[in-house]
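Engineer: Okay, handing you the structure first.
Throughout, read-outs are computed from the coordinates displayed, never taken from laboratory work. On a predicted model such as this, the values are computed, not experimentally measured, just so you know. Note that we place each Cβ from the backbone using ideal geometry, even for glycine, and neighbour counts take in every protein chain shown.
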């Protein structure tokens with residue numbers, strides 16, 4: 001299992017992340033990774 005680090009986000013950000021889940025059991029880590037991937041593609 002990968003090592004994890006806690007991060008602080010506001011409740012508003014947490015709700016935004018929750019709304020971006022493609023599946024209810026998807027982790028916030030997965031959501032953030034997907035957002036990073038999309039961001040990087042848009043920067044090319």
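Engineer: From the list [x] 1.26; [y] 2.33; [z] 2.46, can you say which value of Cα Rg over 2.2 N^0.38 Å was derived from the structure given?
Structural biologist: [x]
Engineer: Counting helices only, and only those DSSP H runs with n ≥ 4, report the 222 nm mean residue ellipticity of the chain as the sum of -39,500 (n - 2.57) divided by its residues, in deg cm²/dmol to the nearest 500.
Structural biologist: -18000 deg cm²/dmol
Engineer: Order of 37, 5 from fewest to most other C-beta atoms within 10 Å?
Structural biologist: Ordered from fewest to most neighbouring Cβ atoms within 10 Å, 37, 5 come out as 5, 37.
Engineer: Still on this structure, I have one more. For the pair residue 40/residue 28, report the inter-label distance in nm, with labels modelled 7 Å from Cα in the Cβ direction.
Structural biologist: Label at residue 40, label at residue 28, 2.2 nm between them.
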